[in-house]
Amino acid sequence: MLAPAQQHDMHTYLGLGSAPDAAAAKLGEPLYKQNCAACHGEDARGAQGPNLVRSTLVLHDEKGHDIGQVVKSGRPEGGMPAFPNLTDQQIYDIAEYLHVQVENAANRGLYNSLYSKQRSQTTGDPTKGRQFFAEHCASCHSATGDLAKIADKFPEAAEMQERFLWPASREPRRATVTTASGQTISGTILKIDDFDVSLRDAAGQMHEWPRDQVEVKLEDKLAGHRALLPVYKDADLHNLTAYLLTLK
Ligand code: HEC
Ligand code: HEC
């Protein structure tokens, strides 16, 4: 069992929510720096105002809804001013910027310390873990295939748990672009910003378009893992970890 404080952190960790909108986050960055950074820190890790990367409210926010309520009305008695002049769009952009900070923090393993007490041991039941795996993981993974030797790679319980919860990779992202004429091209993103998008297709050829003339669909490789985050109960995590540690 996790200690209450750890349970709380686990809960917030599991609340990563839907994938942040990178384009909006980019627009939100200067707005955040201008309006919020003085109190919440350049990196949103807190200053005179609280750390927003670890705020439960921010973690649970969907599309700027909860953050927007705080920003619009403020919490005057707590030292948080109201920003009635920010538009809904601007608040959405700032919220997405904060969600990207949260995701970056999770990807960097900032939450490692969460599991320090159970780094190498787990109290889980591998038989129940196998059952959970069959129900929730086997559609994408196999215990005798891609994950056959996963315990060699992640021999510690804590590492294993972090890995399956959020297996972020540093591989380049992929996208599918639909052009004005309806042609679709998929490939690895070389560059994407407000003005241009360029990618390399499977044949190695480069393509580049003005951003506003095409439709870009970013591949969310971890959609399956994201969808599982709200599903796990504490016991599932321990059981699954115990089971995965037998795969060597
Ligand atoms: C003058 C300092 C100041 C500025 C500027 C400021 N904040 Fe705050 N903010 C605070 C303080 C202090 C709190 C804690 C208030 C409380 O909880 O009673 C807070 C709380 C919050 C919370 C709630 C966090 C939680 O966990 O409950 C959010 C979200 C937030 N601020 C977002 C923003 C955003 C977005 C901006 C910029 C648009 C911003 N703040 C600008 C000082 C500030
Ligand atoms: C919808 C498909 C899907 C489902 C369901 C899914 N995964 Fe994954 N999983 C992936 C993909 C895709 C990756 C690779 C991510 C990458 O490399 O960027 C991955 C990566 C992993 C890794 C990292 C492997 C390594 O070698 O580092 C582990 C461990 C893992 N998943 C375990 C699980 C477990 C346990 C479950 C069930 C609780 C699960 N996955 C459910 C698609 C899925």
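A count restricted to the range 59-86 and to residues that are crowded, with 17+ Cβ neighbours inside 10 Å, in a helix (DSSP H, G or I) and at pLDDT below 85 stands at 1. Residue count for the range 192-209, restricted to those that are open to solvent by less than 90 Å² (accessible area, probe 1.4 Å) and either among the acidic types (Asp, Glu) or out of contact with any His (no Cβ under 9 Å at 6 or more places or on another chain) (or both): 8. When residue 176 is tested against the conditions (1) among the β-branched types (Val, Ile, Thr); (2) in contact (Cβ under 8 Å) with a residue 40 or more places away in the chain; (3) open to solvent by 60 Å² or more (accessible area, probe 1.4 Å), the lone failure is (3). If you check 157, 134 for being open to solvent by less than 30 Å² (accessible area, probe 1.4 Å) and at pLDDT 75 or above, only one passes: 157. Could you please let me know if residue 167 is without any contact (Cβ under 8 Å) to a residue 60 or more places away in the chain, within 14 Å of ligand 2 (Cβ to nearest atom) and open to solvent by less than 50 Å² (accessible area, probe 1.4 Å)? When the stated conditions are applied, residue 167 passes them. Scanning the range 26-58 for residues that are among the aliphatic types (A, V, I, L, M), open to solvent by 10 Å² or more (accessible area, probe 1.4 Å) and closer than 15 Å to residue 104 by Cα returns a single hit, 52. With the condition kept exactly as written, say whether any residue in the range 28-35 is modelled with pLDDT of 85 or more, hydrophobic (A, V, I, L, M, F, W, C), more than 16 Å from ligand 2 (Cβ to nearest atom) and part of a loop (DSSP other than H, G, I, E, B). No, every residue in the range 28-35 fails to be modelled with pLDDT of 85 or more, hydrophobic (A, V, I, L, M, F, W, C), more than 16 Å from ligand 2 (Cβ to nearest atom) and part of a loop (DSSP other than H, G, I, E, B).
The values are calculated or read from the model by the stated rules, or taken from the named source; none is laboratory data. If you're wondering where the values come from, they're calculated on a predicted model, not measured in any experiment. Because the Cβ atoms are built from the backbone with ideal geometry, glycine has one as well, and the counts that use them run over all protein chains shown. For accessibility, only protein heavy atoms count, side chains too; no ligands or nucleic acids. Shrake-Rupley method; radii C 1.70, N 1.55, O 1.52, S 1.80 Å.
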